[in-house]
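Before any comments, here is the structure.
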Amino acid sequence: MYRQARYDRKMIFEKEGETDFAMPIQEELSDAVPKTMIRDRLEIPSLPEREVVKHYTNLSQMNFGVDNGFYPLGSCTMKYNPKYADTVSSLPAVANIHPYQAEDSIQGALQLMYELEKALCEIGGVEAVTLQPAAGAHGEFTGMLLAKAFFAHKGENRTEVVIPDTAHGTNPASAAMAGFNVTEVPSSATGCVDLDALQSAVSENTAAFMITNPNTLGIFEEDVQRIAEIVHGAGALLYYDGANLNAVMGWTNPGKMDFDIVHFNLHKTFATPHGGGGPGAGPVGVKKHIEPFLPVPRIVRKNGRFGLDYDRPDSIGKVRPFFGNFAVLVRAYSYILRMGGDGLKEASEKAVLSSNYMKEKLKGVFDLPFKDLRKHEFVISTKKLKEQKDVRALDVAKRLLDYGLHAPTIYFPSLVEEALMIEPTETETKETMDQYVDVLKKIADENPMLIRSAPHNTSARRIDEVYAAKEAILSWRSFKKKENERGDRPSEEDKGECTLCRSIVGDMDSLKKRIGRSVD
Amino acid sequence: MGIDRSMLDEIGISNIEELFSDVPIGVRVDGLNLPNGLSEMEVVERIQSMLGSNLTTDDCPCFCGGGVYHHFIPSAVKTIISRSEFYTSYTPYQAEISQGILQALFEYQSFIAALTGMDAVNSSNYDGATALGEAATMCHRLNGKRKFLVPEAMSWEKKSVLRNYAWGPGIEIVEYAFDTSTGELSAEDLRSKMSEEISGVYIEVPNFLGVIDSQIASIREDIKDAALVVGVNPISLGILKPPGEYGADIVIGEGQVLGSPMNLGGPLLGIFATRQEHVRKMPGRVIGLTKDVEGERAFCMTLQTREQHIRRSKATSNICTNEALMAVAAATYLALVGRDGLRKIAEVNIGKARSLMKSVGELDGFVSPVFTGYHFNEFVMKPPIEPEGLNKHLLRKSIIGGLPLDKHVPRLGGHMLLATTEVHRREDHERFLRALAEVS
Ligand SMILES: Cc1ncc(COP(=O)(O)O)c(C=O)c1O
């Protein structure tokens with residue numbers, strides 16, 4: 001049975017001790033900083049290393065990563081990331097170099113980035129790549145700026161970007177940040193781009209159409225060639241969100257599908273664990289006609305030496321200082337070297353097989369809207385459970401945690417009611433997937449109160465998100481302020497007076513009575 | 001490796017091709033034209049030997065800063081961020097099973113709140129420059145105005161990033177000058193640029209020239225109702241007054257110095273903090289304090305209605321993946337060095353810079369420091385030869401030189417920005433000075 005560690009919830013700010021940190025001795029400075037600028041106190045703790053390490057080690061044990069177990073979080077490609085990438089990305093030759101060092105002193109780093117760009121060109125079917133963007137959304141933003149620069153250069157004022165309603169939220173957000181008006185087009189009855197709707201959405205005002213293929217339902221947009229014709233026919237650019245590239249490597253690529261601009265999520269497809277939220281890297285690849293606008297510098301090779309070219313008059317400039325998340329780039333390149341061309345293709349094939357395998361096993365238990373054949377992920381609906389037992393997708397997700405299994409992505413894409421979006425990836429065994437399927441089936445038959453009151457075995461029980469949003473306490477400092485304002489009296493909210501708590505506690509009480517024992 | 005045939009059989013699929021039958025023939029490619037895969041041993045060897053030609057700070061002292069700095073990192077930082085429960089987890093969408101990373105990130109937010117004197121901190125932006133870009137657009141959201149003032153003396157890369165973030169909403173970037181004798185901001189020039197149209201004013205403490213501005217504490221009087229955005233070096237906040245005490249609306253900064261290596265400039269850590277009243281206008285993921293149904297203290301991502309996955313094109317930012325692991329490194333770093341340690345590190349940096357700038361100034365032909373203001377750990381000097389040439393000379397002596405300023409602050413062509421930190425021993429300074437003396 002799964003049991004996550006539970007330590008006391010003391011904050012590091014509530015601990016105190018004798019620090020053992022020391023700096024080499026130096027003369028005291030009587031006037032280190034201007035008098036007007038001197039700080040009078042700093043409210044951070046002082047602790048010995050032993051206590052700090054214990055504190056954060058204990059916290060880590062209250063966390064779940066891919067190394068702990070299955071993590072089929074749809075759209076996020078949570079595959080196992082091999083450890084050689086850790087080794088190479090923390091070499092001193094990676095960690096201890098300064099971005100403003102002379103080109104001659106970082107030839108190895110430049111070579112690695114140059115070769116990685118070339119490999120991504122091949123994988124993406126594009127002609128040039130910039131490694132600068134720090135994440136997928138940052139790549140999208142860069143791509144949108146490239147589109148803007150491209151049309152500005154042509155003297156065309158195109159103000160709109162069209163996006164399907166199944167798109168990831170970053171797509172419309174990135175387009176809007178770049179100053180475009182966003183039009184969302186509804187999907188067709190097949191869960192794909194509605195060609196008629198697209199045709200009528202694009203015009204001489206459209207700068208780009210952004211999609212991911214396979215789409216967020218895991219369905220390959222079979223009409224992709226028609227889509228390209230429609231978009232290009234209106235003089236607009238086609239943008240590929242590469243978050244789902246793990247499904248198609250070696251079978252097709254965005255360039256071949258006629259996309260003009262594409263981003264890669266190195267932290268999804270290429271051996272970068274997600275770090276609890278980041279870092280990642282979001283290189284952008286483009287066809288020849290977009291290349292002049294890429295951020296500077298470009299990495300160039302001349303007479304066997306690698307150099308940095310800043311002399312690019314049409315470039316959009318920079319989207320981030322320096323060259324991108326270099327340590328992540330090293331991981332990605334090591335992964336590409338290890339896998340080779342055939343290995344990457346096989347990775348995609350296995351990812352698609354895993355997904356279809358799990359989908360087949362689950363489709364009798366839950367609804368599978370839209371067509372059968374999926375790529376690397378699929379979306380099922382727990383709508384029936386909601387209707388029959390008042391159990392929502394959220395509850396199913398929470399109950400999975402009790403079995404030491406991470407939940408799928410839920411409620412995305414929004415076009416599927418009570419959606420569970422499952423992406424098993426290529427690194428999981430049949431046994432692991434079978435177990436997940438069995439647990440999901442079991443949950444479907446469980447007592448609804450047990451599900452609604454889940455999770456029971458994790459470090460924390462069901463979290464009150466309403467309270468968090470209402471109070472908006474984002475720091476210890478802010479918490480202490482509120483505590484002082486209240487004069488240490490717990491507020492009504494502190495007594496579990498929100499509806500969420502009432503209903504769950506109510507559920508729990510009646511459940512305990514029914515089965516005559518504690519459920520946690 | 002290899003395909004598990006039994007899976008194919010169980011779902012009644014005869015071969016892999018069938019699974020890709022939805023990919024139209026017209027868009028198919030025949031595999032990837034990349035070399036065959038290597039063994040793990042070969043991969044490590046290959047990368048090691050490729051990168052072997054990089055010159056690192058292990059071989060030679062580095063006197064270059066300009067945004068990324070070589071600092072000492074306590075060993076325990078690596079120990080903590082190498083816990084795979086942390087680094088192999090995703091953004092904590094399922095809070096109950098992710099309390100560890102959530103609390104660690106909440107503590108990061110709390111450390112930054114304490115350092116900056118702000119209440120609300122996000123769990124990271126990509127880096128300091130993109131944080132500035134987001135700060136400029138947030139100022140526009142706060143007051144609807146479209147002119148943003150920035151220092152003339154600023155990294156050109158940061159300016160370029162800012163322009164790109166400002167491009168979409170149509171925010172105009174206007175520069176104010178620095179005082180050529182002190183290196184502080186020119187209050188006169190700043191005042192002359194102020195008007196009703198100004199959305200926000202950006203200042204850096206210490207500034208790009210390494211100077212800690214003594215007039216900052218009363219800056220509010222000059223900028224009136226405009227939003228004040230302060231860019232900080234978080235280590236300097238061990239000794240400097242928190243921006244919250246002199247009226248900052250937003251504090252941003254580059255957090256790499258808090259426990260992350262230089263990594264050729266990435267990953268970095270974008271610090272973003274603001275006042276409580278602006279919290280619903282801020283970009284990025286934030287972790288909030290809450291409780292679970294048992295009434296126990298707990299943490300979760302919150303205020304998500306600002307974010308892209310809910311608000312889509314109306315979101316305050318597009319940011320999704322951030323630099324969470326670097327934020328955990330920063331929290332661990334700050335916990336390890338502690339209150340007194342951070343102040344000590346700041347003092348050592350100031351002391352090292354003070355002694356180095358003076359010694360450089362004693363060399364024939366060198367002007368150092370060029371500015372009379374108080375400095376943190378960087379300073380501007382003017383060498384007797386072209387900075388580029390000087391750096392070449394230094395490199396031959398296995399020393400990584402400073403940052404030539406011509407590209408960043410054209411008025412300071414021929415000048416160089418030097419950085420020194422606690423990692424430099426007395427011998428490093430002596431070796432550097434001897435190498436400099438050879439060109440004087
Ligand atoms: C389909 C899709 N597009 C874009 C993104 C954004 O990428 P990132 O989180 O790297 O910014 C994601 C990842 O969450 C995604 O799943």
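The values are calculated or read from the model by the stated rules, or taken from the named source; none is laboratory data. Just so it is clear, the model here is predicted, and its values are computed rather than measured. When we count neighbours, we look across all protein chains shown, and the Cβ atoms used for this are built from the backbone with ideal geometry, even at glycine. The area values use the complete protein model at the heavy-atom level, side chains included, leaving out ligands, DNA and RNA. Shrake-Rupley method; radii C 1.70, N 1.55, O 1.52, S 1.80 Å.
Per-residue mean of other chain beta-carbon atoms within 10 angstrom of the beta-carbon, peptide B:323-335? Don't skip to the answer; put the middle values down first.
On the way: counts 8, 6, 7, 5, 4, 6, 1, 0, 5, 5, 1, 5, 15.
What the average comes to for B:323-335 is 5.
What does the helix-only formula give at 222 nm for chain B: each DSSP H stretch with n ≥ 4 adding -39500 (n - 2.57), the total divided by the residues, and the result rounded to the nearest 500 deg cm²/dmol?
-10500 deg cm²/dmol
Enumerate the calculated ³J(HN,Hα) couplings along region A:58-66 in order (Karplus 6.51 cos²θ - 1.76 cosθ + 1.60, θ = phi - 60°), each rounded to whole Hz, writing x wherever the residue is Gly or Pro.
Per residue, the Karplus-derived 3J(HN,Hα) values read 4, 4, 4, 6, 9, 9, 10, x, 4 Hz.
So which of A:Lys256/A:Lys384; A:Lys35/B:Lys159; A:Lys268/B:Lys78; B:Lys147/B:Lys352; A:Lys375/A:Lys442; B:Lys158/B:Lys382 end up more than 32 Å apart by C-alpha?
On the way: A:Lys256/A:Lys384 40 Å; A:Lys35/B:Lys159 30 Å; A:Lys268/B:Lys78 23 Å; B:Lys147/B:Lys352 38 Å; A:Lys375/A:Lys442 26 Å; B:Lys158/B:Lys382 23 Å.
The answer is A:Lys256/A:Lys384; B:Lys147/B:Lys352.
Which chymotrypsin sites (Phe, Trp or Tyr not before Pro) in region A:12-59 sit in a loop by DSSP (not H, G, I, E or B) and have at most 14 other Cβ atoms within 10 Å of their own Cβ?
Here no loop site has a sparse enough neighbourhood.
Please give the contour-minus-distance gain from A:Asp314 to A:Lys363: 0.36 nm per residue of separation, less the Cα-Cα distance, rounded to one decimal in nm.
Gain in length upon complete extension: 12.5 nm.
Over all Cα pairs of region A:85-339, how is the pair count split among 10 Å bins, expressed in % and running from 0 up to the last occupied bin?
All Cα pairs, binned at 10 Å, distribute as 7, 32, 35, 18, 6, 1 percent.
As I understand it, the dipole of chain A uses +1 on the Cβ of Lys and Arg and -1 on the Cβ of Asp and Glu, about the Cα centre. Which of A:Phe479, A:Gly124, A:Met257 lies farthest toward its positive end?
A:Phe479
Over 16 Å, how big is the tail of the calculated P(r) for region B:44-139, in percent of all Cα pairs?
The share of Cα pairs beyond 16 Å in region B:44-139 comes to 75 percent.
Can you work out the accessible area per residue across chain A, with the rest of the protein chains kept in place, probe 1.4 Å, in square angstrom?
That works out to 34 Å² per residue.
How much of the calculated P(r) for region A:1-102 lies past 20 Å, in percent of all Cα pairs? Could you put the intermediate results ahead of the total?
Working: 3656 of 5151 pairs.
More than 20 Å apart: 71 percent of the Cα pairs in region A:1-102.
How big is D for region B:353-440, in µm² s⁻¹ as a whole number, if Stokes-Einstein is applied with the Kirkwood radius of its Cα pairs at 20 °C and 1.002 mPa s?
In µm²/s, the coefficient is 166.
For region A:122-142 and region B:93-138, what is the separation of their Cα centres, given in Å?
Cα centroid to Cα centroid, the span is 26 Å.
If packing is taken as the mean number of other Cβ atoms within 10 Å per residue, what is the order of A:135-141, A:173-179, highest first?
A:135-141, A:173-179
Probe radius 1.4 Å, ligands and nucleic acids left out: can you give me the accessible area buried at the A-B interface, summed over both chains, in Å² to the nearest hundred?
16900
Expected output is a single nm value to one decimal: the length gained when fully extending between A:Asp372 and A:Asp390, i.e. 0.36 nm times separation in residues minus the C-alpha distance. What is it?
3.8 nm
What is the distance, in nm, between label points placed 7 Å from the Cα along the Cα-to-Cβ direction at A:Tyr411 and at A:Gln26?
Modelled inter-label distance: 5.0 nm.
From the phi of every residue in region B:73-82, what ³J(HN,Hα) in whole Hz does the Karplus formula 6.51 cos²θ - 1.76 cosθ + 1.60 yield, where θ is phi - 60° and glycine or proline is x?
10, x, 4, 5, 4, 4, 3, 6, 6, 8
Say we join alpha carbon atoms closer than 10 Å with springs in a Gaussian network model of chain B; which of B:Asn377, B:Asn15, B:Asn318 then has the biggest fluctuation?
Sorting by GNM fluctuation, first place goes to B:Asn15.
Could you state the number of Å between the C-alpha centres of region A:315-376 and region A:228-242?
The two parts, judged by their Cα centres, are 23 Å apart.
Relative to the compact-globule scaling 2.2 N^0.38 Å, provide the ratio for the alpha-carbon radius of gyration of region B:76-211.
1.31
Counting only DSSP beta bridges with both residues in chain B, tell me the antiparallel percent, nearest 5.
Roughly 55 percent of the beta bridges in chain B run antiparallel, per DSSP.
Report the calculated FRET efficiency for B:Lys224 and B:Ser82 (r = Cβ-Cβ distance, R0 = 56 Å), to the nearest 0.05.
Numbers: r = 49 Å, r/R0 = 0.87.
Calculated transfer efficiency: 0.70.
With the solvent-accessible surface defined on protein heavy atoms using a 1.4 Å probe, which residues belonging to region B:292-307 display a reduction of at least 50 Å² in accessible area in the multichain context relative to the isolated chain?
Relative to the lone chain, where solvent access is computed with a 1.4 Å probe, region B:292-307 loses at least 50 Å² at B:Asp292, B:Val293, B:Glu294, B:Arg297.
Restricting to DSSP loop positions (anything but H, G, I, E, B) with no more than 11 other Cβ atoms inside 10 Å of their own Cβ, which GluC sites (Glu not before Pro) remain in region A:26-77?
For GluC sites (Glu not before Pro) across region A:26-77 that sit outside H, G, I, E and B with at most 11 neighbouring Cβ atoms in 10 Å, the list reads A:Glu27, A:Glu28.
If I histogram all Cα-Cα distances within region B:182-314 using bins 5 Å wide from 0, what percent of pairs lands in each bin?
It works out to 2, 8, 15, 16, 17, 15, 12, 8, 4, 2, 1, 0, in whole percents.
Can you send over the solvent-accessible area of A:Glu431, 1.4 Å probe, protein chains only, in Å² to the nearest 10?
Spelled out: A:Glu431, probe radius 1.4 Å, area about 150 Å².
Based on the Kirkwood radius over alpha-carbon pairs, what value in µm²/s does the Stokes-Einstein equation return for the translational diffusion coefficient of chain A at 20 °C and 1.002 mPa s?
For the chosen part, D equals 83 µm²/s.
Work out the count of Lys pairs in region A:44-148 where the Cα-Cα distance is under 28 Å, with the pair 8 or more places apart or on different chains.
Counting lysine pairs in region A:44-148 gives 4.
Counting each DSSP H run of 4 or more residues in chain A as -39500 (n - 2.57), what helix-only mean residue ellipticity at 222 nm follows after dividing by all residues, to the nearest 500 deg cm²/dmol?
-11500 deg cm²/dmol
A:Arg6 versus A:Glu446, label points 7 Å from Cα toward the beta carbon: distance in nm?
In this crude label model, A:Arg6 to A:Glu446 measures out at 1.6 nm.
Please express the Cα-Cα pair-distance distribution P(r) of chain B as a list of whole percents, one per 20 Å bin, running from 0 to the bin with the greatest distance.
In whole percents, the pair-distance histogram is 23, 49, 23, 4, 0.
In whole angstrom, how far apart do the alpha carbon centroids of region A:419-479 and region B:414-440 sit?
When both Cα centres are located, 55 Å separates them.
At a probe radius of 1.4 Å, what is the per-residue accessible area of A:Glu204, in Å² to the nearest 10?
140
Just going by the charge dipole of the protein assembly as shown, with Lys and Arg at +1 and Asp and Glu at -1 on Cβ, which of A:Gly280, A:Ile163, A:Tyr2 is farthest out on the positive end?
Of the options given, the answer is A:Tyr2.
Taking the Cβ of B:Ile97 as the centre, find all other residues whose Cβ is under 10 Å away and add up their charges (Lys, Arg: +1; Asp, Glu: -1).
Values: positive: A:Lys398; negative: A:Asp402, B:Glu96.
Net charge in that neighbourhood comes out at -1.
Please find the FRET efficiency linking B:Glu196 to A:Ser203, where r is the Cβ-Cβ separation and R0 is fixed at 35 Å, and quote it to the nearest 0.05.
Efficiency for this residue pair is about 0.40.
Can you give the charge dipole size of chain A about its Cα centre, rounded to the nearest 20 debye, using +1 on the beta carbon of Lys and Arg and -1 on the beta carbon of Asp and Glu?
Value, rounded to 20: 900 debye.
Compare the Cα positions of A:Ser30, A:Asn356, A:Asn246 along the charge dipole of chain A (+1 at Cβ of Lys, Arg; -1 at Cβ of Asp, Glu; about the Cα centre) and return the one farthest towards the positive end.
In chain A, that residue is A:Asn356.
Only sites in a loop by DSSP and with at most 16 other Cβ atoms within 10 Å count here; which chymotrypsin sites (Phe, Trp or Tyr not before Pro) in region B:29-76 make the cut?
B:Phe72
For region B:75-333, count the residues as N, evaluate 2.2 N^0.38 Å, and divide the Cα radius of gyration by that value, please.
Numbers: Rg = 18.2 Å, N = 259, 2.2 N^0.38 = 18.2 Å.
Region B:75-333 yields a ratio of 1.00.
Modelled label-to-label distance, A:Asn303 and A:Glu483, 7 Å Cα→beta-carbon offset: nm?
For the pair A:Asn303/A:Glu483, the computed spacing is 6.7 nm.
At 1.002 mPa s and 20 °C, plugging the Kirkwood radius over alpha-carbon pairs of the protein assembly as shown into Stokes-Einstein gives what diffusion coefficient in µm²/s?
75
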